[in-house]
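Below is one structure, written out as structure tokens, with a few remarks after it.
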Amino acid sequence: MSVTSHAYTEQDVEDFFDQTAQTYLSFWDSEGVLHTGYFADEADSDYRAAAERTSEILAAEAGIDGSSYVLDVGCGCGNFLIYLAKRFRCHGEGLDLSNERIKFAQTKLAGDRDLATVEFRHGSATQMPYEPSRFSHVVSQDSLFLVPDKPRSHAEIQRVLRPGGVFAFSDFLQPTKDIGDRAYQVALEEAGFEILLARNLRSHIRQTYRVLGKTALERAETTPDAAARDWMLAFSASCKEIQIAIDHGEFGWGIFVTRKRRNATP
Ligand SMILES: C[S@@+](CC[C@H](N)C(=O)[O-])C[C@H]1O[C@@H](n2cnc3c(N)ncnc32)[C@H](O)[C@@H]1O
């Protein structure tokens, strides 16, 4: 993922994730996981395990258990919610702008009785199809940086979360006025959230792009489709640029855990 400009609309984001769904499945992760991994150490190159570790950490920090009702905003192919439902038997809903990703998520539910408590829907973080105070937890992995109107998505998350409910997410960080480390915290506080945890974890995003850049290069060598091959080569080159940007403090990644203030209006 390397969308860093603000000159885009939600329609652009939807088109991008619809059009690239199959390509990402072919080299990033065949189950459709598309978020930053939390690696065991510098030698670790197991992306799938690292990605699941991120989910474990967020779930633990958010305090999710069997009584939770969780919304995953920007759920993509649904893997985080599926992990939560299987692990904790909690209830959950997933929302994403990409129809292709939502359809892929929905196919995973078919016939799996362990996932009867989970639903996926197409829709936007800025206009959610849920009534006020529906959820005990809102989670999100590497999605909110893509929302052009962040005050609006923060207000929507406030609206659908119960007073005292937890909003826990991972996201990219840039030294900009809306997703800088500190800027994010100020925006969250202004939106009525109390910050419980803010961890800048830039070494993990560096390792994610190092590992996936290498995978993309290897897959490009054996991919017969010329367009897909070019895309993977370009992605691999951009992974090197991203690592340089991270080394210069221009790009990063973090985990935030917040709580909706009890006196906040829904
Ligand atoms: C990097 S992917 C992460 C997907 C998923 N969270 C995961 O961990 O695999 C970002 C996702 O955010 C979704 N997204 C971006 N903007 C959104 C919005 N305004 N509302 C809902 N979903 C959005 C995209 O469609 C995409 O599936």
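The values are calculated or read from the model by the stated rules, or taken from the named source; none is laboratory data. Since the structure is predicted, the reported quantities are computational estimates derived from the model, not experimental observations. Because the Cβ atoms are built from the backbone with ideal geometry, glycine has one as well, and the counts that use them run over all protein chains shown.
Considering only region 83-96, state which residues are within 11 Å of the ligand (Cβ to nearest atom), of a type outside the set (D, E, K, R) and under 12 Å from Glu119 (Cα atoms). Before you say what the answer is, go through the steps one by one.
Step one: list which residues in region 83-96 are within 11 Å of the ligand (Cβ to nearest atom), which gives 83, 94-96.
Subsequent filtering for residues that are of a type outside the set (D, E, K, R) retains 83, 94-95.
The answer is Gly94, Leu95.
Is it true that Gln141 is under 15 Å from the mean Cα position of the chain (by Cα) and either within 13 Å of the ligand (Cβ to nearest atom) or farther than 22 Å from Thr208 by Cα (or both)? It would help to see each step written out before you state the result.
Details: under 15 Å from the mean Cα position of the chain (by Cα): yes; either within 13 Å of the ligand (Cβ to nearest atom) or farther than 22 Å from Thr208 by Cα (or both): yes.
So Gln141 fits the description; yes.
Looking at Ala105, Ala168, Ala125, Ala155 in this structure, which one is within 14 Å of the ligand (Cβ to nearest atom), under 22 Å from Leu58 (Cα atoms) and in contact with a Cys (Cβ under 7 Å, 6 or more places away or on another chain)? Break it down stepwise before answering.
Values: Ala168 fails: in contact with a Cys (Cβ under 7 Å, 6 or more places away or on another chain); Ala125 fails: in contact with a Cys (Cβ under 7 Å, 6 or more places away or on another chain); Ala155 fails: in contact with a Cys (Cβ under 7 Å, 6 or more places away or on another chain).
One residue alone meets the criteria, Ala105.
Consider Asp230 against the criteria (1) under 18 Å from Glu93 (Cα atoms); (2) outside the structural domain of His35 (by TED's automatic domain parsing); (3) not aliphatic (A, V, I, L, M): it satisfies all of them except one. Which criterion is unmet?
(1)
Could you check region 242-266 and list, in sequence order, the residues that are farther than 27 Å from Tyr130 by Cβ, in contact (Cβ under 8 Å) with a residue 24 or more places away in the chain and either touching a helix residue (DSSP H, G or I) at 6+ places or on another chain (Cβ under 6 Å) or part of a helix (DSSP H, G or I) (or both)?
Within region 242-266, Ile242, Gln243, Ile246, Asp247, Phe251, Gly252, Trp253 qualify.
Between a first residue in region 113-130 that is more than 10 Å from Glu93 (Cα to Cα) and assigned by TED's automatic domain parsing to the domain that holds Leu146 and a second residue that is within 15 Å of the ligand (Cβ to nearest atom) and of a type in the set (Ser, Thr, Tyr), which pairs have beta carbons less than 6 Å apart while being 6 or more apart in sequence or on different chains?
Ala125/Ser153; Thr126/Ser153
If only one of Val70, Val33, Val13 is under 26 Å from Pro148 (Cα atoms) and in a helix (DSSP H, G or I), which one is it? Don't jump to the end; show me each part of the working.
Values: Val70 fails: in a helix (DSSP H, G or I); Val33 fails: in a helix (DSSP H, G or I).
Result of the check over Val70, Val33, Val13: Val13.
Residues to consider are Ala105, Ala183, Ala168; find the one that is surrounded by fewer than 17 Cβ atoms within 10 Å (Cβ to Cβ), aliphatic (A, V, I, L, M) and outside any loop (DSSP other than H, G, I, E, B). Break it down into steps so the answer makes sense when it comes.
On the way: Ala105 fails: surrounded by fewer than 17 Cβ atoms within 10 Å (Cβ to Cβ); Ala168 fails: surrounded by fewer than 17 Cβ atoms within 10 Å (Cβ to Cβ).
Sole residue among the options that is surrounded by fewer than 17 Cβ atoms within 10 Å (Cβ to Cβ), aliphatic (A, V, I, L, M) and outside any loop (DSSP other than H, G, I, E, B): Ala183.
Need the failing condition index for Pro148 against (1) under 22 Å from Val13 (Cα atoms); (2) in a strand (DSSP E or B), just the number.
(2)
Which condition breaks for Gln22 when tested against (1) out of contact with any helix residue (DSSP H, G or I) (no Cβ under 6 Å at 6 or more places or on another chain); (2) surrounded by 16 or more Cβ atoms within 10 Å (Cβ to Cβ)?
Checking Gln22 against (1) out of contact with any helix residue (DSSP H, G or I) (no Cβ under 6 Å at 6 or more places or on another chain); (2) surrounded by 16 or more Cβ atoms within 10 Å (Cβ to Cβ), the one that fails is (2).
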